[in-house]
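Asker: Shown below is the structure under consideration.
Just so you know, all these numbers are worked out from the coordinates, no wet-lab data involved. Predicted, not measured: the structure shown is a model, and the values here were computed from it. Here the Cβ positions follow ideal geometry from the backbone for every residue, glycine too, while neighbour counts run over all protein chains shown.
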Amino acid sequence: MDDGTAVESSDLAPAVASILADARERSVSGERVSVRPRSLPDRLDAVGNDRVPVIAEVKPTSPTTDGTRTDDPVALAQRMVSGGAAALSVLTEPDHFGGSTETLARIRSAVDVPVLRKDFIVREAQLDAVEADVVLLIARFVDNLPKLLAAARDRGFQVLVEVHTESELDRAIDAGARIIGINNRDLARLEVALETFERLSPSVPDSVTLIAESGITTPADAARMRRAGADGLLIGSAIMDGDVETNTQRLTTRA
């Protein structure tokens, strides 16, 4: 049994609390999915010797950025892959990030790299919204992490378990997470500190694929996270703000 307890909304920044409240209410109707995933760890390993292994994020908008991208998300995704992205992350949260499960399905059909579904999944039924190669579970928001992790794996998903604190990292490791993302953004204050990854990464077992998330905006930041042990980097705003292919090339090129 998972000893962790999902965070109370009062502990979060108002924008994040609103997103979580909507996620808890969101229903999914449909058949149980069954996925044959493209391997994210294998893909990150395959590109890691030649370029920085980046998971580029298709993010039309977010509470922490200004403006909205109205470009065709499939075209954006293809240009990210052309720019060297090892994998893609696609927002499917509709109300605050402008995402959709339909967009993810279109993107996954158009590219040959692993695709992560990034959303606020808190119940098993929400796993059945769309097929993806990887799903995100945010440890802070999940009451019973081992149960939801097992439910995702039963459907064939690989699972990226996101953490921000030592206790969340312990929960993820105890639950048997094989892919862990350390989020440099504190969801209580929306502040970003790359030191978060550097502080927590030494406690992650070598057998785990480790992803650095948030606050990576320059090649120097990317190199810093790689030195601290990141097997991959999840980058959103720094790629979406401008020409996505050029930005992806800049951040995937080894210094």
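Asker: Antiparallel DSSP bridges in the chain: what percent, to the nearest 5? Write down the numbers at each step before the final one.
Answerer: Values: 2 of 32 bridges.
Roughly 5 percent of the beta bridges in the chain run antiparallel, per DSSP.
Asker: Roughly what % of DSSP beta bridges within the stretch 69-215 run antiparallel, to the nearest 5? Display every interim value, and only then the final one.
Answerer: Values: 2 of 22 bridges.
So the antiparallel bridges in the stretch 69-215 amount to around 10 percent.
Asker: Give the order of Glu191, Glu198 when sorted by the count of other beta carbons within 10 angstrom, beginning with the fewest. Display every interim value, and only then the final one.
Answerer: Details: Glu191 12, Glu198 18.
Ascending Cβ contact count within 10 Å gives the list Glu191, Glu198.
Asker: Further question: Please check the chain for the longest run free of trypsin sites (Lys or Arg not before Pro) that are loop-located per DSSP (anything but H, G, I, E, B) and have at most 11 other Cβ atoms within 10 Å.
Answerer: Excluding the exposed sites themselves, the longest stretch runs over 33-188.
Asker: Would you mind computing, in nm to one decimal, how far apart the modelled labels at Asp128 and Ala188 are, each placed 7 Å from Cα along Cα→Cβ?
Answerer: Each label point lies 7 Å from its Cα, and together they span 3.7 nm.
Asker: Quick check on packing: order 214-220, 160-166 by the mean number of other C-beta atoms within 10 Å, highest mean leading. If you can, show how the numbers build up before the last one.
Answerer: Numbers: 214-220: 18.1, 160-166: 22.1.
Per-residue mean Cβ counts within 10 Å order the peptides as 160-166, 214-220.
Asker: Where does each of 239-249, 83-93 land if you order them by average Cβ count within 10 Å, highest first?
Answerer: On the way: 239-249: 18.5, 83-93: 24.5.
Output ranking for 239-249, 83-93: 83-93, 239-249.
Asker: Add +1 for every Lys or Arg and -1 for every Asp or Glu among the other residues with Cβ under 12 Å from the Cβ of Asp95, and state the total.
Answerer: On the way: positive: Arg26; negative: Asp22, Glu25, Glu93, Asp119.
Surrounding charge for Asp95 is -3.
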